[in-house]
Every structure is written in C-alpha cells, then in structure tokens.
Amino acid sequence: MKELKSLNCRTAPKSVMPERIIQFGEGNFLRAFVDWIVFNMNQKTDFNSSVVVVQPLEHGMIDRLNGQDCLYHVNLQGKEDGKSVDTTTRIDVISRALNPYTQFEAFMALSEQPDMRFVISNTTEAGIAFDATCKFTDRPASSYPGRLVQLLFHRYQYFNGAHDKGMIIMPCELIFLNGHRLKECIYQYIELWKEDFGNDYEGFKEWFTADCYVCATLVDRIVPGFPRENIDEIQHKICYKDNLVVKAENFHLWVIEKAENMTVAQLQEEFPAHKAGLHVLITDNEKPYHMRKVTLLNGPHTVLSPVAFLGGINIVRDACEHPLVGKYIRKVQFDELMQTLDLPEEELNKFATDVLERFENPFVDHQLTSIMLNAFPKFETRDLPGLKIYLKRKGSLPQGLVMGLAAIITYYKGGKRLDGTPILPKDDQKIIEKLEELWSTGDTRKVAEGVLAFDYVWHEDLNKTIPGLTDMVKEYLDLIQTKGMLEALQSIL
C-alpha cells in the first residue's frame with residue numbers, strides 16, 4: 001500500500017490571502033462550519049480573506065493545527081434532494097493559530113493589522129460571561145469578552161479612533177441572542193476598566209458604540225468531529241495523513257442578525273455569503289429563525305423519540321422510514337408545528353423538508369434513547385408553545401403532539417418494551433420520582449392530571465390552562481396501555 005504524505009504546505013497547495021478574520025476557537029464546529037463557509041466565499045466571490053485562530057483556553061490544539069500548517073479536510077455526509085452526499089474538501093483558509101497565554105504580544109498585534117475586520121467565536125455557552133475579577137493588565141484577561149475588549153481598546157488607540165477600523169463581531173455560541181449578551185459583557189468590561197482607560201474611556205466607548213458592529217447569530221450544522229471509525233478509508237481517499245479531518249452533515253444554516261448600527265445591505269456587502277450560494281441569511285431579526293429551528297427541528301425530535309422507541313425502533317432514520325411512524329412524524333412536522341410559525345409557507349416547507357432529510361441521514365445512527373434524555377423539560381420548551389398556539393389558531397388540540405406527550409409519560413413508566421428492551425428514563429430525580437409515584441396508582445386519569453399539574457416542569461397547571469388536554473392525554477395513555485404504541489398511533493393517522 002502506498003505510504004501517505006503528511007499534510008502541510010510543502011505537500012499540498014495553500015492559498016495566501018489577507019488576514020481579515022480573528023477567530024476565537026479552533027474546535028471541530030468552527031472548522032467545519034465557519035471556516036468551510038469562508039473557504040466557499042473565497043472560492044466563489046471576491047471575499048479573499050484568511051483566518052487567524054486564537055485558542056480560547058490555555059491548553060488546546062493549535063500546536064496540532066500549526067503542525068499541519070493549518071490545513072485539514074472537511075468530510076460532509078448526508079442526504080440532499082433524496083440522494084446520499086459524501087464529499088471531502090481540503091480547507092486552507094486558516095493562515096496561523098495563536099495561543100494568547102504564551103503569545104500575548106502576537107495576539108495583541110492582531111489589532112494593529114489594518115485589514116482585520118471580523119471577529120468570530122465559539123467559546124461554548126459559558127464563554128460569553130462577565131467576570132468581575134478580570135483585570136485589564138492580565139495577559140490575557142481570563143474571559144473571552146475581556147480578551148476581546150483588550151484587543152479592541154488597543155486597536156482604538158493604535159488607529160487613533162479611526163471610524164473605518166471598527167470590527168464586525170459575530171459570535172457563534174449556542175445562546176439565544178448571543179450577540180446581545182456579548183455586547184452587554186463588553187460594556188460591563190468598559191465600565192470595570194474605565195480607570196485603566198484613563199482619558200481614552202469616553203472616546204473608546206463612543207468608538208465601540210458607533211464603529212463596531214455586534215451581531216446575534218444562529219448556527220445550525222451537526223458536526224460529529226474526527227471520524228475515528230473510518231479515518232483510514234478517508235486518509236487513503238485523500239492521499240494524505242490528515243489528523244484533523246472533521247466530519248459533519250452536509251446541511252448548514254447561518255442566520256446573522258445585523259447589528260443595530262448598520263443595515264442588512266451593509267453587512268451583505270461586507271460578508272457576501274449569499275453570492276456564494278451558501279445558506280447564510282442576513283436579517284434584521286434572528287428570533288423567527290430561532291423559533292423555526294426549535295419548533296421544526298427540536299420539536300419533532302422530542303415527540304418522535306418516545307413514539308418510535310415504544311414502537312420497537314431504535315434510531316431516528318428508521319423511525320422516518322417506518323410506514324406508520326414516518327407518517328406520524330410528517331403529521332407533527334407539517335400539519336401541526338409548521339402551522340404555529342409566522343414565516344412564509346414556502347420557506348417553512350423547505351426548512352421542514354430539509355429537517356426530514358437530516359433525520360434520514362444514512363451516515364448517522366442517531367439513537368432515540370439519547371434524545372429522550374430530559375424529555376419533559378424539552379417538551380416544555382420545544383413543543384408546548386406550539387401546542388398552545390395550534391389550539392388558539394385551530395380551535396382544537398394537535399393530536400400528534402398530545403400523542404407524543406402521552407408517549408413520554410408512558411416511557412417514564414419504565415419497564416420493558418415488547419421485545420424485552422429495558423426502558424430507562426433519565427431526567428431530574430424529582431421528575432423521575434414524581435412519575436414513579438403517579439404510575440404506582442395504576443389510574444391513568446391520576447397519571448394525566450398529576451403530570452399536567454406538575455409545576456416543577458410546566459410552571460403552571462396545564463389541567464386548568466389548556467382545555468381538553470387532560471381528557472386527551474388520558475385517552476392516549478389508555479390506548480398505548482391496551483393496544484400498544486403502533487396501534488394507538490394508527491388511531492390518529
């Protein structure tokens with residue numbers, strides 16, 4: 001067998017482009033999502049930009065990145081228009097990677113580069129936080145927002161507050177309105193360190209407010225990461241020994257809410273992803289798209305999982321392809337949840353169809369039991385709002401969602417499936433104990449009433465606030481108990 005070449009800029013071509021993006025984070029998600037998007041923008045538009053990666057934690061993987069001259073491959077797998085997709089692309093947009101804990105001067109020098117325009121981050125949900133113990137003189141500040149303020153203040157001073165040297169900041173942390181939270185933290189640090197800024201305090205604050213643009217974003221791509229199970233096959237296919245391959249689904253969506261001090265057109269001009277045919281949507285309001293994702297991606301997941309599992313199925317793809325459960329999933333998706341959203345129907349249809357293709361990904365065996373973790377809180381945030389809106393708009397309860405709730409309640413009874421598979425609910429111990437107590441009565445009305453009145457989950461008594469729900473839940477619990485999950489499902493399809 002032919003020996004594989006090491007992957008670096010001596011064995012593979014690498015583009016040289018102006019460094020215009022500072023990226024806090026070197027993990028799988030950013031490399032398979034943001035850097036893949038930048039690569040496509042460079043290929044298909046005149047964006048012509050490279051990325052400098054800044055390691056957010058003291059110990060990370062930039063040595064491995066630099067060891068390959070920041071070259072790596074992204075392996076996309078999934079379904080598109082009913083066909084399997086399996087592609088591998090070499091990404092060359094990262095110019096270099098820095099550790100601010102050992103290269104603080106080099107990190108700060110990034111702010112002196114006139115072409116720098118964007119800051120992108122994924123420092124986990126805990127990364128966007130204010131720490132009052134941070135000092136301006138720390139090298140670097142312990143928090144990501146603190147390090148960002150250090151960088152921005154140095155840039156403000158270096159360029160004498162030039163209006164065209166502000167930064168466009170696009171966090172990718174999985175927090176609703178992440179940009180709003182980051183901006184709030186930045187202002188907190190500006191106030192905390194005002195004495196350090198001295199006479200530049202007012203000017204810097206005004207420059208940040210007027211000339212820097214903090215955007216909220218919504219990111220969506222499943223990135224399993226390094227493909228250990230078939231890395232040998234991939235490496236022989238690409239003819240390189242690449243130890244940084246990232247596996248991801250082919251679907252991608254990036255919704256970017258423009259900053260309040262700029263227009264959609266301005267951001268599109270500076271970040272022309274739409275010209276590259278990418279699913280990057282620049283808008284003045286991210287919230288409807290956040291609701292769309294939670295409702296049409298997370299919502300169906302939450303109810304299909306107990307229904308399918310109790311019906312003898314183990315993975316999401318098989319649930320979608322099952323003649324009965326697949327029909328149920330489509331009922332919940334298109335006939336119920338989609339009816340509760342306010343975006344254009346054509347747009348919702350496209351997203352809902354894409355979601356089903358993602359569920360049917362032939363390369364991912366997504367276990368239903370993993371989705372069942374903490375199922376009651378998930379239903380409360382993902383499905384209950386849609387149930388209420390559907391009732392208000394249609395005047396009747398959505399049968400599929402209520403059947404899903406009854407299936408969750410049944411799953412939490414425990415025991416075994418008909419084929420002998422153990423049913424092992426995992427949740428907050430208080431919820432587990434409450435369901436054990438209710439099921440021990442042997443009375444499905446008491447079970448329904450007790451669950452719906454459980455303030456710890458719903459923060460209200462659903463027996464009182466949602467007319468008819470108690471009777472329907474009891475009816476579906478009885479059907480599942482007496483006829484089994486699949487026959488109970490048949491009654492509503």
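What follows is calculated from the coordinates using simple rules that are stated; it is not laboratory data. Quick caveat, the model's predicted, so the values are computed rather than measured. Virtual Cβ from ideal backbone geometry, glycine too; neighbours counted across all protein chains shown.
Would you mind counting up the charge near L152? Only other residues with Cβ under 11 Å from its Cβ, with Lys and Arg at +1 and Asp and Glu at -1.
On the way: positive: R147, R155, K165, K205; negative: D211.
Cβ neighbours under 11 Å give a net charge of +3.
Any idea what the dipole of the chain comes to, in debye rounded to 20, about its Cα centre with Lys/Arg Cβ at +1 and Asp/Glu Cβ at -1? The partial results should precede the final answer.
Working: 55 positive and 69 negative charges, 190 e Å.
Computed about the Cα centre, the dipole is about 920 debye.
Straight distance only, please: which lysines reach the Cα of K430 with their own Cα at less than 21 Å, same-chain residues fewer than 8 apart left out?
Cα-Cα hits under 21 Å: K378, K413, K446.
Please work out the FRET efficiency for the pair D232 and D365, using the Cβ-Cβ distance as r and a Förster radius of 30 Å; give the result to the nearest 0.05.
Values: r = 20 Å, r/R0 = 0.66.
Plugging the Cβ-Cβ distance into 1/(1 + (r/R0)^6) gives 0.90.
Identify all lysines with a Cα-Cα distance to K135 below 17 Å; exclude those on the same chain that are fewer than 8 residues away in sequence.
In chain and number order, the partners are K194.
Taking 8 Å as the Cα distance limit and 6 or more residues as the minimum spacing, I'd like the relative contact order of the chain as a percentage. All intermediate terms of the calculation are to be shown ahead of the outcome.
Values: 822 pairs, mean separation 62.8, N = 493.
After rounding, I find 13 percent.
Subtract the Cα-Cα distance of S84 and D131 from 0.36 nm times their separation in residues, and report this length gain in nm to one decimal.
Values: separation 47, 0.36 × 47 = 16.92 nm, distance 4.65 nm.
Gain on extension, S84 to D131, equals 12.3 nm.
Relative contact order for the range 424-493: what is it in percent, counting Cα pairs under 8 Å that are at least 6 residues apart?
Details: 45 pairs, mean separation 13.8, N = 70.
Relative contact order comes out at 20 percent.
Could you check the simple spin-label distance between D196 and K327, using points 7 Å along Cα→Cβ, in nm with one decimal?
If labels sit at D196 and K327, their model points lie 6.4 nm apart.
Restricting things to Cα coordinates, could you compute the convex hull volume per residue of the range 83-174 in Å³?
Values: hull volume 14.2 nm³, N = 92.
Considering the Cα atoms of the range 83-174, their hull volume per residue is 155 Å³.
Taking Cα extents along the principal axes in Å as the quantity of interest, determine which of (1) 73, 63, 40; (2) 77, 54, 41; (3) 65, 49, 49 was computed from the displayed structure.
(1)
If r is the Cβ-Cβ distance from K392 to S491 and R0 is 22 Å, what FRET efficiency results, to the nearest 0.05?
Working: r = 25 Å, r/R0 = 1.13.
Once rounded, the FRET efficiency stands at 0.35.
Which order do the peptides 213-221, 421-429 take when ranked by the mean count of other beta-carbon atoms within 10 Å per residue, highest first? Could the numbers behind the result be given before it?
Numbers: 213-221: 22.8, 421-429: 13.6.
Ranked by mean Cβ neighbours within 10 Å, highest first: 213-221, 421-429.
Between the alpha-carbon centers of the range 352-393 and the range 88-129, tell me the distance in whole angstrom.
Measuring centre to centre over Cα atoms gives 35 Å.
In terms of modelled amide H atoms, which long-range or inter-chain residues lie less than 5 Å from the amide H of I91?
Under 5 Å from the amide H of I91: Y72, H73, V74.
Hey, how many Å between the Cα centroid of the range 316-342 and the Cα centroid of the range 437-482?
24 Å
Please give the calculated 222 nm ellipticity per residue for the chain, where each DSSP H segment of at least 4 residues contributes -39500 (n - 2.57) and the sum is spread over every residue; nearest 500 deg cm²/dmol?
Details: 25 runs with 219 residues, N = 493.
That comes out to -12500 deg cm²/dmol.
Please tell me the relative contact order of the range 272-389 in percent, rounded to the nearest whole number, where contacts are Cα pairs under 8 Å and at least six residues apart.
Working: 98 pairs, mean separation 45.6, N = 118.
39 percent.
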